[in-house]
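The values are calculated or read from the model by the stated rules, or taken from the named source; none is laboratory data. For clarity, every value in this text was computed on a predicted model and none was experimentally measured. Positions of Cβ are generated from backbone atoms using ideal geometry, with glycine treated the same way; all protein chains shown enter the neighbour counts. All accessible areas refer to the heavy atoms of the entire protein, side chains included, with ligands and DNA or RNA removed. Shrake-Rupley method; radii C 1.70, N 1.55, O 1.52, S 1.80 Å.
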Amino acid sequence: MTSYQHARFRRIMAEVKVKPEVPDPMDIESRIIELCHQFPHGITDQVIQNDMPHMEAQQRAVAINRLLSMGQLDLLRSSAGLLYRIKDSQNASKMKGSDNQEKLVYQIIEDAGNKGIWSRDIRYKSNLPLTEINKILKNLESKKLIKAVKSVAASKKKVYMLYNLQPDRSVTGGAWYSDQDFESEFVEVLNQQCFKFLQSKAEAARDSKQNPMIQRNSSFASSHEVWKYICELGISKVELSMEDIETILNTLIYDGKVEMTIIAAKEGTVGSVDGQMRLYRAVSPLIQPTGLVRTPCGLCPVFDDCHEGGEISPSNCIYMTEWLEF
């Protein structure tokens, strides 16, 4: 081959464009699924691009849209942009036949858990029109996939959560609320019964005629003992937790009727939390306080938040009213 022929051959080869190998769409989808399993909280388009840098954007979009249409991926929104997450098989069967917008709203509600989410926040996260969101919410409610729950934090607003979830205490108000109304009479009954139990415990200790230190120690009762006593009385229509009973006991402490002490407890001891146990006992003052010391303001736990015109104020304080009447 002459030098002229050799140069011409090199020029021809330089002009030949080697056609890149087109990846199999099934391989792309399989790799995206693998990435989703590696990152169960979701992956962004950037993660896919970094893993498969030679794949064109159109090929990624085709693969992702196919996985979404087959119900294998969930589409979420986050501060980082769109997220793709592997879909749970149980949820996939529930949302079969739903469009992507309905799946997106369902996923947002699912992520909110048992605290629920307002329609305004759903609109913000989904970037869908309010009319479309209301339509989707009604459709999901009719399928019994979600439910609307009134929140004690805002009486005129509803939060949405999955149909089978038990609402969080912050939504319902716990045992102290019924249909968003505070059950003051129920709380008062529990207050009286808890104090009655501690009083009987203290009287039994005094009647034992033992030395003062033993009498004092035996007059204490754990919050678990008080909880068990209240449960056996059967005065509550709702299931009360130890935390509920400790809330009542705290009100008795604020009223000066009960004192609390914390002791170390062996791990696994009934009523203990993190190796500690709270004990309570009924107390009575040695002498009656006089003058301004007897005003409820002196022991009020929300004294700093109390001011005229506020949610807590002297004009609507029941403790102040009772003290003035006395």
Going by the structure shown, is M95 surrounded by 14 or more Cβ atoms within 10 Å (Cβ to Cβ) and at pLDDT 80 or above? no
Mind listing just one residue for me: the one in segment 74-85 that is at pLDDT below 80 and either assigned to a loop (DSSP other than H, G, I, E, B) or over 15 Å from S126 (Cβ atoms) (or both) and, of those, most open to solvent (accessible area, probe 1.4 Å)? S79
Looking at segment 287-317, which of the residues that are of a type in the set (A, V, I, L, M, F, W, C), within 19 Å of L252 (Cβ to Cβ) and not in a loop (DSSP other than H, G, I, E, B) is modelled with the lowest pLDDT? L299
Being open to solvent by less than 70 Å² (accessible area, probe 1.4 Å) and over 30 Å from S142 (Cα atoms) is the requirement here; does F182 meet it? no
Looking only at segment 225-264, and only at residues there that are in contact with a strand residue (DSSP E or B) (Cβ under 8 Å, 6 or more places away or on another chain) and outside any helix (DSSP H, G or I), the one that is nearest to G275 (Cα to Cα): A264
Give all pairs with beta carbons closer than 9 Å in which a residue from segment 49-66 that is under 11 Å from I32 (Cα atoms) and among the polar types (S, T, N, Q) meets a residue that is open to solvent by less than 90 Å² (accessible area, probe 1.4 Å) and outside any helix (DSSP H, G or I); count only pairs at least 6 apart in sequence or on separate chains. Q49/M55
Run down I263, I214, I230 and say which single residue is open to solvent by less than 50 Å² (accessible area, probe 1.4 Å), β-branched (V, I, T) and at pLDDT 80 or above. I230
Of everything in segment 116-173, what is of a type in the set (G, A, S) and either surrounded by 14 or more Cβ atoms within 10 Å (Cβ to Cβ) or within 30 Å of S184 (Cβ to Cβ) (or both)? Give them in sequence order. G116, S119, S126, A148, S151, A153, A154, S155, S170, G173
Count of residues meeting criterion [of a type outside the set (S, T, N, Q) and modelled with pLDDT under 75] in segment 170-207: 8
Members of segment 188-224 found to be outside any helix (DSSP H, G or I), more than 14 Å from Y280 (Cα to Cα) and not small (G, A, S), listed by number: K209, Q210, N211
Name the residue that is most open to solvent (accessible area, probe 1.4 Å), counting only residues in segment 240-254 that are among the acidic types (D, E) and in contact (Cβ under 8 Å) with a residue 24 or more places away in the chain. E246
For segment 120-153, which positions are of a type outside the set (D, E, K, R) and under 21 Å from G81 (Cβ atoms)? I122, Y124, S126, N127, L128, P129, I133
Residue check, L162 modelled with pLDDT of 80 or more, within 17 Å of the chain's Cα centre (by Cα), within 25 Å of M70 (Cα to Cα) and not β-branched (V, I, T): yes
